[in-house]
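The values are calculated or read from the model by the stated rules, or taken from the named source; none is laboratory data. This is a predicted model, so every value here is computed, not measured. Methodologically, a virtual Cβ is constructed for each residue, glycine included, from the backbone with ideal geometry; neighbour enumeration extends over all protein chains shown.
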Amino acid sequence: MQRYLKLVVVGMVLILAGSSFAHAQGCVLCYQNAAASGARIIAALRSGIEILIVPPFVIMGLAMRMAYRKRNQYRGESPQS
């Protein structure tokens, strides 16, 4: 099951990274300012975006792992009346 989970996560990352919609986000003003700046600023923006996207993925991955580990904790117990 862990192998399946890894395949799903890798697949999701590849789909999101290769999506043309992901590259089309942003307002025109931001795009024009970024395009008018130098190569170093563009590289800094790209690395900043990559750095800012890591924590949400880590947090979501940890939440999914905790949910996966706890999935059978309450299964099979009948409520007492």
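Per-residue answers, yes or no, for (1) touching a Cys at 6+ places or on another chain (Cβ under 7 Å); (2) in a helix (DSSP H, G or I); (3) modelled with pLDDT of 80 or more; (4) at positive phi:
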| residue | (1), (2), (3), (4) |
| --- | --- |
| TYR4 | no, yes, yes, no |
| VAL10 | no, yes, yes, no |
| ALA17 | no, yes, no, no |
| GLN25 | no, no, no, no |
| LEU29 | no, yes, no, no |
| LEU45 | no, yes, yes, no |
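So which pairs qualify, if the first residue must be in the range 1-15 and under 14 Å from ARG65 (Cα atoms), the second must be among the aliphatic types (A, V, I, L, M), the Cβ gap must be under 9 Å, and the two must be at least 6 apart or on different chains?
The qualifying pairs are LEU5/MET64; VAL9/MET64.
Consider only pairs whose beta carbons are under 9 Å apart and that are at least six residues apart or on different chains; among these, list those whose first residue lies in the range 56-68 and is in contact (Cβ under 8 Å) with a residue 60 or more places away in the chain and whose second residue is assigned to a helix (DSSP H, G or I) and loosely packed, with under 10 Cβ neighbours inside 10 Å.
The qualifying pairs are TYR68/GLN2.
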